[in-house]
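J.: Below is one structure. I have some questions about it.
The values are calculated or read from the model by the stated rules, or taken from the named source; none is laboratory data. The structure displayed is predicted, hence computed values, not measured ones. Here the Cβ positions follow ideal geometry from the backbone for every residue, glycine too, while neighbour counts run over all protein chains shown. When the accessible area is computed, the model is the full protein with side chains, heavy atoms only, and any ligands, DNA or RNA have been set aside. Shrake-Rupley method; radii C 1.70, N 1.55, O 1.52, S 1.80 Å.
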Amino acid sequence: PTDIPTDVPTDVPTDAPTSIPTDGPTFGPTDMPSESPTDVPSLVPTSNPTVETIAFVGVDMVRTTELAFAGTTLHDTEVATGVLANVSATVFHESVFGDASTVAASLGTVHEQVTVSGTVQPAVHVEGVVLDRAIYRDWLKVRVALQVRDAGFNTRVERSQVHVVVQQLGVNVSASCVAHRTRGTCVATATVSASWLSGAPVHVWYGLSLDAMVLSGSVVQTVPYAAPVFADNLVAVVPARPRVGGEVFDVEVLARAPADVESAKFTLHVGQTDAVAFVEGSARGTHEATWTYQFDVRADGLAVVVNRKPGGPAVSSGPQAEQRLMTVRMRVTGAAVAGTVSMQMRVQELNAPVPINPGGTPIPLGGYVLGHVDGVAVAMGAPGVLAVVDDVVLGAFAQTAGGQGSFVNVAPLTGVSTAIDTTGFAVHGYGAALRQRSLASCAVDPSGGAGALAVVGTGCTVVLSVGHTNGSRQSYVVGDVDGVVATLPLRIWVPEMPIAVHVDTQVLRPMTVRLGGVLMYTAGCNVRTTSARVRGVTRFALPSGDGVGAQYTDAVDVTRLVVARA
């Protein structure tokens, strides 16, 4: 052709790069989220993006196809003798936030790479569940299970402390814990003194700093306690705090007498043997250098015989001083139901060194006198009780499997839905406080932005599909964790549709050896022609809500996402 434009290079080979290689990193604006890959739908844009820069220093501008710099366009026919310094580009990089990876780029024959790490954000939201409904003489602590999220609802946050304050009658005790790196969960334990067993309620606050605390709706009760005052008798000390099925606990027997006990015979009687049982071989004498012991587990309890050894060391520090006789381990059976189990201290013989009437009551021939039981309450000369409760779920937390809360839905671009796995944690007051469970019976709360996502399957899989084009600043997936409701907040970015189509050049023509010269032929006698790259470009949006206007990224090259649908 004789009308080839003179301002267009005429001898650019079709296999030469047209600028930055199309299979290299995609360059994007500095205010775009740093963790939103254009080809991995499940990765997350954060509210505070991190922009990484690759710098090319000392790039010799020889045989550069076409590069605009300082108002000059260099062509392949020209040789630049100077050096182009400090060429840089911002990279919209695909990565999992918090994980380090390497970004590589090239300009002609020059290559550079940097190590980048998506930045995890500080916690902003905190949710708490009080684990202890009361404190007792043998349980002087208040625990709170906590879960934190950042502004984008990610539970994978900076590992900062979460604080708890418990208060009674104007006296404060504080505690803290550090959230798990992925789950965002932890348990803070505040330990109080026995002076708190006054009967006055305990109030609980929690928060991300001591200056910004949330008052829990749960009030911890205190069970008043005064140690039993007695003489010439035995007492069985059983747990004051209720126990659950499968839990193991210790029972201790103490004596008071004018001097060291010479001999004693007693039975630790259990009213409901199907509810509690003695752990085999667990009975132990406290002072085996002073006394000999015989233990016999019977159908209704544990029979014990104690005799003083000749010349054994003294135990008592004076008249009516406390003498620790023995301990035994017991277990709440799986058949136990919530309620109380009767515990009796049956004293059949007590000598120190002459026979003693327990509590002033003579022991009948072949019979017994009731000693004391220090349990949920102090029972003086009467049966005491051990409380048994169900191991109920006190609360629940939910999260996605990787700890992400913000997602970019690229399904409208790729035509392929994205599945997001979820998981839950049941909160218990006994045993393991946080127990991982599956979410069940999930639904999307319609108040959180309809059309942004769906939930499928019995395992509550969140799905972002082609039809979910609305996006949501705050959607809620509500599920069931062992009978307790758990709420999972999510944030969904969506692409603006339709996308824009950009073509690198508007003129396609045959190539010549030189301007106006002979056409370039291949061995097959076909004319070689120039080509142009076609790119798809759009931006991602987050709708308005909660008093905040809509947010947008700048234009993003999404060619790789839509090319399969072209």
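J.: For the range 71-176, which fully contained strands (runs of 3 or more DSSP E) count at least 3 residues that are modelled with pLDDT of 85 or more and surrounded by 20 or more Cβ atoms within 10 Å (Cβ to Cβ)? Even if it seems obvious, please write down each step before you answer.
T.: On the way: elements: 72-74, 79-84, 87-91, 100-107, 110-117, 125-130, 141-149, 161-168.
In the range 71-176, the matching strands (runs of 3 or more DSSP E) lie at 125-130, 141-149, 161-168.
J.: I need the full set of residues from the range 206-247 which are of a type in the set (A, V, I, L, M, F, W, C) and touching a helix residue (DSSP H, G or I) at 6+ places or on another chain (Cβ under 9 Å), in order please. Give the steps one after another, and end with the answer.
T.: Filtering the range 206-247 for residues of a type in the set (A, V, I, L, M, F, W, C) gives 208, 210, 212-215, 219-220, 223, 226-227, 229-231, 234-238, 240, 244.
Matches in the range 206-247: F230, A231, L234.
Yes/no per residue for (1) under 16 Å from G395 (Cβ atoms); (2) among the polar types (S, T, N, Q):
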{"position": "L131", "(1), (2)": "yes, no"}
{"position": "L146", "(1), (2)": "yes, no"}
{"position": "R149", "(1), (2)": "yes, no"}
{"position": "V162", "(1), (2)": "yes, no"}
{"position": "Q167", "(1), (2)": "no, yes"}
{"position": "G170", "(1), (2)": "no, no"}
{"position": "H180", "(1), (2)": "no, no"}
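J.: Would you confirm, using the coordinates I've provided, whether A452 is in a loop (DSSP other than H, G, I, E, B), open to solvent by less than 10 Å² (accessible area, probe 1.4 Å) and either without any contact (Cβ under 8 Å) to a residue 24 or more places away in the chain or over 23 Å from T182 (Cα atoms) (or both)?
T.: Values: in a loop (DSSP other than H, G, I, E, B): yes; open to solvent by less than 10 Å² (accessible area, probe 1.4 Å): yes; either without any contact (Cβ under 8 Å) to a residue 24 or more places away in the chain or over 23 Å from T182 (Cα atoms) (or both): yes.
Yes; evaluated as a whole, the condition is true for this residue.
J.: For the range 188-203, which residues satisfy the criterion of being open to solvent by less than 50 Å² (accessible area, probe 1.4 Å) and either touching a residue at least 40 places away in the same chain (Cβ under 8 Å) or not hydrophobic (A, V, I, L, M, F, W, C) (or both)? Spell out the reasoning first.
T.: Our first condition is that a residue be open to solvent by less than 50 Å² (accessible area, probe 1.4 Å); within the range 188-203, this holds for 188, 190, 192, 196-197, 199-200, 202.
Matches in the range 188-203: A188, A190, V192, W196, L197, G199, V202.
J.: Further, regarding this structure: The conditions are (1) within 13 Å of the chain's Cα centre (by Cα); (2) in contact (Cβ under 8 Å) with a residue 60 or more places away in the chain, and V144 fails exactly one of them. Which is it?
T.: The single condition V144 does not satisfy is (1).
J.: Still on this structure: Looking at the range 296-316 only, could you name the residues that are of a type in the set (A, V, I, L, M, F, W, C), more than 51 Å from the chain's Cα centre (by Cα) and part of a loop (DSSP other than H, G, I, E, B)? Explain how you work it out, then say what you get.
T.: The initial filter retains those residues of the range 296-316 that are of a type in the set (A, V, I, L, M, F, W, C), namely 297, 299, 302-306, 314-315.
Going one step further and asking which of them are more than 51 Å from the chain's Cα centre (by Cα), we end up with 305-306, 314.
Across the range 296-316, the qualifying residue is only A314.
J.: When only residues in the range 268-293 that are touching a residue at least 12 places away in the same chain (Cβ under 8 Å) and either open to solvent by 70 Å² or more (accessible area, probe 1.4 Å) or touching a helix residue (DSSP H, G or I) at 6+ places or on another chain (Cβ under 8 Å) (or both) count, which is farthest from L370 (Cα to Cα)? Walk me through how you get there before you give the answer.
T.: Going residue by residue through the range 268-293, those that are touching a residue at least 12 places away in the same chain (Cβ under 8 Å) are 268-280, 282-287, 289-293.
Those left that are additionally either open to solvent by 70 Å² or more (accessible area, probe 1.4 Å) or touching a helix residue (DSSP H, G or I) at 6+ places or on another chain (Cβ under 8 Å) (or both): 273-274, 280, 284.
Details: T273: 19, D274: 22, E280: 25, R284: 22 Å.
Among residues in the range 268-293 that are touching a residue at least 12 places away in the same chain (Cβ under 8 Å) and either open to solvent by 70 Å² or more (accessible area, probe 1.4 Å) or touching a helix residue (DSSP H, G or I) at 6+ places or on another chain (Cβ under 8 Å) (or both), the one farthest from L370 (Cα to Cα) is E280.
J.: Determine whether the range 259-266 contains at least one residue that is open to solvent by less than 10 Å² (accessible area, probe 1.4 Å) and farther than 16 Å from V373 by Cα.
T.: Step one: list which residues in the range 259-266 are open to solvent by less than 10 Å² (accessible area, probe 1.4 Å), which gives 261, 264, 266.
Subset that is farther than 16 Å from V373 by Cα: 261, 264.
Yes, that holds for at least one residue.
J.: Of everything in the range 270-295, what is of a type outside the set (F, W, Y), assigned to a strand (DSSP E or B) and more than 14 Å from R329 (Cα to Cα)? Give them in sequence order. Break it down stepwise before answering.
T.: Applying the first criterion (of a type outside the set (F, W, Y)) to the range 270-295 yields 270-277, 279-290, 292, 294.
Pick out the ones that are also assigned to a strand (DSSP E or B) and you get 270, 276-277, 284-285, 292, 294.
The answer is T292, Q294.
J.: Another question about this same structure. Can you pull out every residue in the range 388-427 that is closer than 16 Å to V455 by Cα and of a type in the set (D, E)?
T.: If the condition is that a residue be closer than 16 Å to V455 by Cα and of a type in the set (D, E), then D421 is the only one that fits.
J.: Mind counting the residues in the range 455-472 that are surrounded by 21 or more Cβ atoms within 10 Å (Cβ to Cβ) and of a type outside the set (A, V, I, L, M)? Outline the logic, then answer.
T.: Filtering the range 455-472 for residues surrounded by 21 or more Cβ atoms within 10 Å (Cβ to Cβ) gives 460, 462, 464, 468, 471-472.
Next, only the ones that are of a type outside the set (A, V, I, L, M) stay: 460, 468, 471-472.
Counting residues in the range 455-472 that are surrounded by 21 or more Cβ atoms within 10 Å (Cβ to Cβ) and of a type outside the set (A, V, I, L, M) gives 4.
J.: Anything in the range 397-419 that is open to solvent by 10 Å² or more (accessible area, probe 1.4 Å), out of contact with any helix residue (DSSP H, G or I) (no Cβ under 7 Å at 6 or more places or on another chain) and in a strand (DSSP E or B)? List them, or say none.
T.: A419, the sole residue that qualifies.
J.: Still on this model: Which of (1) over 30 Å from V376 (Cβ atoms); (2) open to solvent by 40 Å² or more (accessible area, probe 1.4 Å); (3) in contact (Cβ under 8 Å) with a residue 24 or more places away in the chain does G184 not meet, given it meets every other one?
T.: Exception for G184: condition (2).
J.: Within the set of pairs 6+ apart or on separate chains, which have a first residue in the range 484-510 that is within 15 Å of R539 (Cβ to Cβ), a second that is part of a strand (DSSP E or B) and open to solvent by 80 Å² or more (accessible area, probe 1.4 Å), and C-beta atoms under 9 Å apart?
T.: So the pair list comes out as E496/Y552; V501/V534; H502/V534.
J.: Being among the aliphatic types (A, V, I, L, M), within 25 Å of the chain's Cα centre (by Cα), farther than 26 Å from A432 by Cβ and exposed (fewer than 15 other Cβ atoms within 10 Å of the Cβ): is that true of A212 here? Don't jump to the end; show me each part of the working.
T.: Numbers: among the aliphatic types (A, V, I, L, M): yes; within 25 Å of the chain's Cα centre (by Cα): yes; farther than 26 Å from A432 by Cβ: yes; exposed (fewer than 15 other Cβ atoms within 10 Å of the Cβ): yes.
When the stated conditions are applied, A212 passes them.
J.: So, one more: Considering only the range 424-437, I want to know if a residue exists there that is surrounded by fewer than 16 Cβ atoms within 10 Å (Cβ to Cβ), out of contact with any Asp or Glu (no Cβ under 6 Å at 6 or more places or on another chain) and of a type in the set (D, E, K, R). Steps first, please.
T.: Looking only at the range 424-437, we keep the residues that are surrounded by fewer than 16 Cβ atoms within 10 Å (Cβ to Cβ), and these are 431-432, 435-436.
Of the ones still in play, those that are also out of contact with any Asp or Glu (no Cβ under 6 Å at 6 or more places or on another chain) are 431-432, 435-436.
Within this subset, residues satisfying the condition of being of a type in the set (D, E, K, R) are 435.
So far as the range 424-437 goes, yes, one or more of its residues are surrounded by fewer than 16 Cβ atoms within 10 Å (Cβ to Cβ), out of contact with any Asp or Glu (no Cβ under 6 Å at 6 or more places or on another chain) and of a type in the set (D, E, K, R).
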